[in-house]
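Peer 1: A single structure is presented below for examination.
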Amino acid sequence: MSTLFVNNLNTASGTTITIPTGKTLVGTDTNSIKAPGMITQVVVGELSGHTTTTSASYSDTGLTATITPISTSSKILVIMTFIGGNTSASAENHLQILRDSTTIKIMDRWAFSAGGHTNLHGAAQVLDSPSSTSALVYKVQWRTQSGNFRLNDFYNNNNRSNITLMEIAQ
C-alpha cells in the first residue's frame with residue numbers, strides 16, 4: 001500500500017471530487033474530517049429528580065454539560081429544555097444559561113397560569129462563539145420573585161430537564 005501526501009485537493013475539471021461506489025473515506029482520529037456547518041460533537045447534560053428554589057438571586061440548578069471544542073472557530077449550539085412550575089401563580093421566574101461564568105442567554109419572566117403543580121414545558125437556545133479549545137462548562141441558573149420555582153415536578157419522577165451542546169464546524 002502506498003501513501004499519498006498532499007496539503008490540498010482540487011479537481012482536474014468540474015467542481016466535484018467523487019469517492020467511487022464501494023469505497024470509503026476514513027478519518028483515523030476523532031473529528032479528522034470536517035466541513036463548515038457539520039456537527040462535530042454532541043454532549044448532553046440531564047437533570048432528573050425534583051429540585052426547588054425560593055431564591056431571588058441566581059443560583060445553579062444542577063443542569064450542566066461540558067464540551068471541549070476542537071477548533072477556536074467552532075460555534076456551540078446550546079439547547080435547553082425544561083419542565084418547570086411554581087406554587088405561586090403570580091411569580092416571575094427567571095432562567096439564564098452561562099458559559100463558565102459568562103451569561104450568554106437570559107429567559108426572563110417565565111410565568112405560570114396557576115399555582116400548585118402546574119407544569120410548563122419550555123425551551124431556549126443560543127448559538128455561542130466561545131473562540132476556545134479549552135473545556136467549557138455550560139450551565140443553567142434560576143431565580144424566582146416569589147413562591148417555589150420547581151424543575152422536574154416531584155409528582156412525576158420521570159420528568160427530565162436537558163442541556164444539549166452541539167459543536168458546529170466553521
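The values are calculated or read from the model by the stated rules, or taken from the named source; none is laboratory data. The structure presented is a predicted model; accordingly, all values stated were derived computationally and were not measured. Neighbour counts run over all protein chains shown; Cβ positions are idealised from the backbone, glycine included.
Peer 1: Can you pull out every residue in region 25-46 that is in a loop (DSSP other than H, G, I, E, B), of a type in the set (Val, Ile, Thr) and surrounded by 10 or more Cβ atoms within 10 Å (Cβ to Cβ)? Talk me through it step by step, then tell me what you get.
Peer 2: Step one: of region 25-46, the residues in a loop (DSSP other than H, G, I, E, B) are 25-38.
Okay, now just the ones that are also of a type in the set (Val, Ile, Thr), so 26, 28, 30, 33.
Residue satisfying the conditions is ILE33 alone.
Conditions tested, residue by residue: (1) closer than 22 Å to GLN170 by Cβ; (2) hydrophobic (A, V, I, L, M, F, W, C).
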{"site": "VAL42", "(1), (2)": "yes, yes"}
{"site": "SER88", "(1), (2)": "no, no"}
{"site": "ARG109", "(1), (2)": "no, no"}
{"site": "ALA124", "(1), (2)": "no, yes"}
{"site": "ALA135", "(1), (2)": "yes, yes"}
{"site": "PHE149", "(1), (2)": "no, yes"}
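Peer 1: Take SER113 and tell me if it is over 19 Å from SER57 (Cα atoms) and at pLDDT below 95. Walk me through how you get there before you give the answer.
Peer 2: Working: over 19 Å from SER57 (Cα atoms): yes; at pLDDT below 95: yes.
Yes.
Peer 1: In region 74-95, which residues are at pLDDT 95 or above and either out of contact with any Asp or Glu (no Cβ under 6 Å at 6 or more places or on another chain) or outside any loop (DSSP other than H, G, I, E, B) (or both)?
Peer 2: Within region 74-95, LYS75, ILE76, LEU77, VAL78, ILE79, MET80 meet the criteria.
Peer 1: Determine which single condition GLY62 fails, assuming it passes every other condition in (1) in contact (Cβ under 8 Å) with a residue 12 or more places away in the chain; (2) at positive phi; (3) assigned to a loop (DSSP other than H, G, I, E, B).
Peer 2: (3)
Peer 1: Report yes if some residue within region 129-142 is farther than 30 Å from GLY37 by Cα and either buried (at least 17 other Cβ atoms within 10 Å of the Cβ) or out of contact with any Cys (no Cβ under 7 Å at 6 or more places or on another chain) (or both); otherwise report no.
Peer 2: The initial filter retains those residues of region 129-142 that are farther than 30 Å from GLY37 by Cα, namely 142.
Filter once more, so that each one left must be either buried (at least 17 other Cβ atoms within 10 Å of the Cβ) or out of contact with any Cys (no Cβ under 7 Å at 6 or more places or on another chain) (or both): 142.
Yes, the conditions are met somewhere in region 129-142.
Peer 1: Something else now. Take SER55 and decide whether it is surrounded by 13 or more Cβ atoms within 10 Å (Cβ to Cβ), polar (S, T, N, Q) and either in contact (Cβ under 8 Å) with a residue 24 or more places away in the chain or in a strand (DSSP E or B) (or both). Before you say what the answer is, go through the steps one by one.
Peer 2: On the way: surrounded by 13 or more Cβ atoms within 10 Å (Cβ to Cβ): no; polar (S, T, N, Q): yes; either in contact (Cβ under 8 Å) with a residue 24 or more places away in the chain or in a strand (DSSP E or B) (or both): yes.
Spelling it out, it is not the case that SER55 is surrounded by 13 or more Cβ atoms within 10 Å (Cβ to Cβ), polar (S, T, N, Q) and either in contact (Cβ under 8 Å) with a residue 24 or more places away in the chain or in a strand (DSSP E or B) (or both).
Peer 1: Please specify each residue of region 6-33 satisfying the condition of being out of contact with any Ser or Thr (no Cβ under 7 Å at 6 or more places or on another chain) and under 27 Å from THR133 (Cα atoms).
Peer 2: Within region 6-33, VAL6, ASN7, ASN8, LEU9, LEU25, VAL26, GLY27, THR28, ASP29, THR30, SER32, ILE33 qualify.
Peer 1: Would you confirm, using the coordinates I've provided, whether GLN170 is modelled with pLDDT under 95 and closer than 30 Å to PRO36 by Cα? Let's see the steps before the verdict.
Peer 2: Details: modelled with pLDDT under 95: yes; closer than 30 Å to PRO36 by Cα: yes.
Considered against the rule, which asks whether it is modelled with pLDDT under 95 and closer than 30 Å to PRO36 by Cα, GLN170 comes out as yes.
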